[in-house]
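The values are calculated or read from the model by the stated rules, or taken from the named source; none is laboratory data. Quantities reported herein were computed from a predicted structural model and do not represent experimental measurements. Here the Cβ is made from the backbone with ideal geometry for all residues, glycine too, and neighbour counts use every protein chain on show. Note: areas computed on protein heavy atoms with side chains; ligands, DNA, RNA excluded. Shrake-Rupley method; radii C 1.70, N 1.55, O 1.52, S 1.80 Å.
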Amino acid sequence: MRMYLKAEYRAAINLFRKGGSKEAIAAIDAINAYNADISRRVYNSIKEGFGAYQTTAHGARMIIIHQSSRRPDAIQISHFNKINGEWIAFSHGEATSPEELKNHLMPGRYVNLRRV
């Protein structure tokens with residue numbers, strides 16, 4: 001299953017610059033609400049036994065999301081960068097809520113879910 005995180009902030013910022021501040025704020029709030037819903041769905045899916053990953057368009061960065069083996073109440077997020085053809089672990093983090101998970105996800109990219 002794939003879910004898309006929106007990244008249409010530029011259009012909202014252009015609305016703001018053209019004097020449409022109320023419309024821009026409404027557009028940004030809608031994007032944030034949509035991405036929060038996707039984050040909640042991914043978080044709940046991970047808790048149900050799925051694994052997830054995201055990659056950039058050029059394939060040089062990947063995020064792997066799975067249930068933490070150290071803390072049953074947390075989800076582990078691992079960031080990898082492709083350097084000279086090899087995947088190198090860049091950083092690791094944990095999320096205990098959908099809001100924390102949202103901070104790790106890349107807007108403008110699909111989140112791919114797979115049953116583990």
- Query: Is it true that K47 is open to solvent by 20 Å² or more (accessible area, probe 1.4 Å) and at pLDDT below 85?
  - Reply: no
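Considering each of A24, A12, A36 in turn, give the residue that is open to solvent by less than 60 Å² (accessible area, probe 1.4 Å), part of a helix (DSSP H, G or I) and over 20 Å from M106 (Cβ atoms).
Checking each option against the conditions leaves just A24.
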- Considering only the range 58-107, how many residues are loosely packed, with under 14 Cβ neighbours inside 10 Å, part of a loop (DSSP other than H, G, I, E, B) and small (G, A, S)? 5
